[in-house]
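Let me begin by presenting the structure, written as structure tokens, before commenting on it.
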Amino acid sequence: MEKILGLIDAPFTPFDEQGNVNLDPIPEYAALLARNGLKGVFINGSSGEGYMLTEEERRLLAEAWVKAAPEGFKVIVHVGSTCVRSSNRLARHAEEIGAWGIGAMATPFPRIGRVEELVKYCEEIACGAPSLPFYYYHIPAFNNAYLPMLDFLKAADGRIPNLAGIKYTFESLYEYN
């Protein structure tokens, strides 16, 4: 899989004054990021409030970002949710619309407490878009999945063929290294 070189932004989701998702600013947003040297976006994650949105809103955002992306600009769609079937559908949708990759954090409910549970959860999501790179989004402060990532990588080896990396959002510099 192609290695990401450069910075990927985690953009906020734009809303209108009534609290509805506002897709209008996305083309200008994508162009601004590209002009400033960023190489892509990771949408619908924690900054993008993906867990607060409906499946339909998440699909529409993904479509808007993919459509607005300048050539070579990577759109990685966070597809994780508390419903693994929903996550799998969102992964399939991301693949169908031409997203560059997908990602998912561990569900905050029900909590994942063992590496094997995390691998199974990610495996069920990643298989929804087998041609796209899958990134596990490690943010245990959000979901209490304080699991060792080296153990996760070892357990996932051979089970998640499209696992491309980890979006690491945790304080352990030792583990990160």
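I'd like to check one number: the per residue accessible area of the range 53-177, probe 1.4 Å, reported in Å² as a whole number.
49 Å²
Choose one answer from 136, 29, 121: the residue with the largest mean-square fluctuation in a GNM of the chain with alpha-carbon springs under 10 Å.
Among 136, 29, 121, the largest GNM mean-square fluctuation belongs to 29.
Give, to the nearest whole percent, the P(r) tail of the range 1-60 beyond 13 angstrom, counting all Cα pairs. Provide the component values of the computation, followed by the final result.
Values: 1162 of 1770 pairs.
The share of Cα pairs beyond 13 Å in the range 1-60 comes to 66 percent.
Set the Förster distance to 22 Å, then compute FRET efficiency between residue 169 and residue 83 from the Cβ-Cβ distance, nearest 0.05. Don't skip to the end; give the middle numbers.
Values: r = 22 Å, r/R0 = 1.02.
According to the calculation, E is roughly 0.45.
In the chain, how many lysine pairs have Cα atoms under 21 Å apart, counting only pairs 8 or more places apart or on different chains?
For the chain, the number of qualifying lysine pairs is 11.
Hey, quick one: spin label on residue 109, modelled 7 Å out along Cα-Cβ, who in the range 143-162 has an amide N within reach, i.e. under 14 Å?
Answer for this model: 143-144.
Can you pull out the GluC sites (Glu not before Pro) in the range 95-177 that DSSP calls coil and that have at most 16 other Cβ atoms within 10 Å?
Numbers: sites: 95, 96, 116, 117, 123, 124, 171, 175; in loops: 171.
Sites meeting the loop and neighbour criteria: 171.
If R₀ is 35 angstrom, what is the calculated FRET efficiency for the pair residue 22 and residue 131, using the beta carbon separation as r and rounding to 0.05? It would help to have the intermediate numbers written out before the result.
Details: r = 31 Å, r/R0 = 0.87.
Efficiency computed from Cβ-Cβ geometry: 0.70.
Sort out for me the Cα centre separation of the range 121-172 from the range 1-75, rounded to whole Å.
When both Cα centres are located, 21 Å separates them.
Spelling out what I want: for every residue of the range 56-73, take phi, set θ = phi - 60°, compute 6.51 cos²θ - 1.76 cosθ + 1.60 (Karplus), and round to whole Hz; glycine and proline get x.
For the range 56-73, the Karplus-derived couplings read 5, 4, 5, 5, 4, 5, 4, 4, 5, 5, 4, 5, 7, 5, x, 4, x, 7 Hz, x marking Gly and Pro.
Give the label of the value calculated from the structure for mean projected area of the Cα convex hull in nm², choosing from (i) 9.9; (ii) 12.5; (iii) 9.1.
Correct label is (i).
Please compute the alpha carbon radius of gyration of the range 90-177, then divide it by the globular-protein estimate 2.2 N^0.38 Å. Two decimals is fine. Show your work: numbers first, answer last.
Values: Rg = 12.6 Å, N = 88, 2.2 N^0.38 = 12.1 Å.
Against the empirical 2.2 N^0.38 Å value, I get 1.04 for the range 90-177.
Mind putting a number on the dipole of the chain about its Cα centre? Charges go on the C-beta only, +1 for Lys and Arg and -1 for Asp and Glu, and I need it in Debye to the nearest 20.
Numbers: 16 positive and 22 negative charges, 88 e Å.
Dipole size: approximately 420 debye.
The values are calculated or read from the model by the stated rules, or taken from the named source; none is laboratory data. Fair warning: this is a prediction, and the values are worked out from it, not measured in the lab. We place every Cβ from the backbone using ideal geometry, glycine too, and count neighbours over all the protein chains shown. SASA here: full protein model, heavy atoms, side chains in, ligands and nucleic acids out. Shrake-Rupley method; radii C 1.70, N 1.55, O 1.52, S 1.80 Å.
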